[in-house]
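Below you'll find the structure, written out as structure tokens, and then a few comments.
The values are calculated or read from the model by the stated rules, or taken from the named source; none is laboratory data. What you see is a predicted model, and the numbers here were worked out from it, not measured in a lab. Note: ideal-geometry Cβ built from the backbone for every residue, glycine included; neighbour counts use all protein chains shown. Heads up: the accessible areas ignore ligands, DNA and RNA and are worked out on the full protein's heavy atoms, side chains in. Shrake-Rupley method; radii C 1.70, N 1.55, O 1.52, S 1.80 Å.
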Amino acid sequence: DTAVSQTPKYLVTQMGNDKSIKCEQNLGHDTMYWYKQDSKKFLKIMFSYNNKELIINETVPNRFSPKSPDKAHLNLHINSLELGDSAVYFCASSRVRGGGTGELFFGEGSRLTVL
Amino acid sequence: GESVGLHLPTLSVQEGDNSIINCAYSNSASDYFIWYKQESGKGPQFIIDIRSNMDKRQGQRVTVLLNKTVKHLSLQIAATQPGDSAVYFCAENNQFYFGTGTSLTVIP
């Protein structure tokens with residue numbers, strides 16, 4: 001069973017569209033994250049949720065809206081997509097509260113291409 | 001902002017040789033460091049971590065060395081195998097920023 005699964009794996013869309021990426025973890029973790037990896041492989045955090053509560057928002061434009069319906073799910077909705085949003089988006093989860101130490105469990109990534 | 005980085009963006013080693021991947025950090029208050037491996041088309045996977053009260057920690061074929069004096073850590077992979085080809089990231093404490101990683105290529 002996949003511990004952290006995200007869908008879709010690939011997403012190609014036009015500028016200005018709205019799209020969502022879904023993430024689910026079956027590890028029983030309280031904390032989930034979204035990370036963004038650009039074309040140069042630079043990987044950085046976007047958001048963290050602990051038990052459905054937003055605890056970290058790393059200066060992400062408000063076109064990005066995470067939603068956590070329960071602690072096993074963290075979805076990412078992006079409005080008015082721009083070319084610069086093209087990247088691979090990774091969902092992750094951890095036992096510890098966001099910003100703490102300990103292993104992160106990453107999904108396989110969702111590659112978003114904005115044309 | 002980001003406070004970890006890696007010395008070399010790419011590293012090529014012969015199969016069977018040892019690999020050393022380096023990482024520098026700038027925050028002297030950092031007390032936890034972690035290494036991840038990212039294979040092509042996959043998400044990062046945990047390799048090993050170390051706390052600042054240690055200088056060295058060993059895992060299976062991997063060793064992490066921490067030098068707090070010069071704010072440097074390294075990941076050593078013994079007897080490198082083709083399956084070790086990947087991008088390696090180091091991160092500290094809150095794991096907000098991973099940098100751009102070092103791409104390790106193992107030559108058969």
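Restricting the range A:86-115 to residues that are surrounded by fewer than 20 Cβ atoms within 10 Å (Cβ to Cβ) and modelled with pLDDT under 95, the residue that is farthest from the other protein chains (Cβ to nearest Cβ) is A:Arg95.
In the range A:77-85, is there at least one residue being among the charged types (D, E, K, R), assigned to a strand (DSSP E or B) and away from chain B (no Cβ under 14 Å)? Scanning the range A:77-85 turns up no residue that is among the charged types (D, E, K, R), assigned to a strand (DSSP E or B) and away from chain B (no Cβ under 14 Å).
Taking the range B:70-82 as the region of interest, how many residues are in a loop (DSSP other than H, G, I, E, B) and at pLDDT 95 or above? So the count comes out to 4. Residue count for the range B:63-82, restricted to those that are without any contact (Cβ under 8 Å) to a residue 24 or more places away in the chain and either within 14 Å of chain A (Cβ to nearest Cβ) or open to solvent by less than 50 Å² (accessible area, probe 1.4 Å) (or both): 1. Could we say that A:Ser20 is open to solvent by 40 Å² or more (accessible area, probe 1.4 Å), outside any loop (DSSP other than H, G, I, E, B) and under 25 Å from B:Gln45 (Cα atoms) here? The answer is yes for A:Ser20.
Among the residues making up the range A:47-58, a single one is open to solvent by less than 10 Å² (accessible area, probe 1.4 Å) and out of contact with any Gly (no Cβ under 6 Å at 6 or more places or on another chain): A:Phe47. Among residues that are exposed (fewer than 14 other Cβ atoms within 10 Å of the Cβ), more than 14 Å from every other protein chain (Cβ to nearest Cβ) and either without any contact (Cβ under 8 Å) to a residue 60 or more places away in the chain or not polar (S, T, N, Q) (or both), B:Lys56 is included.
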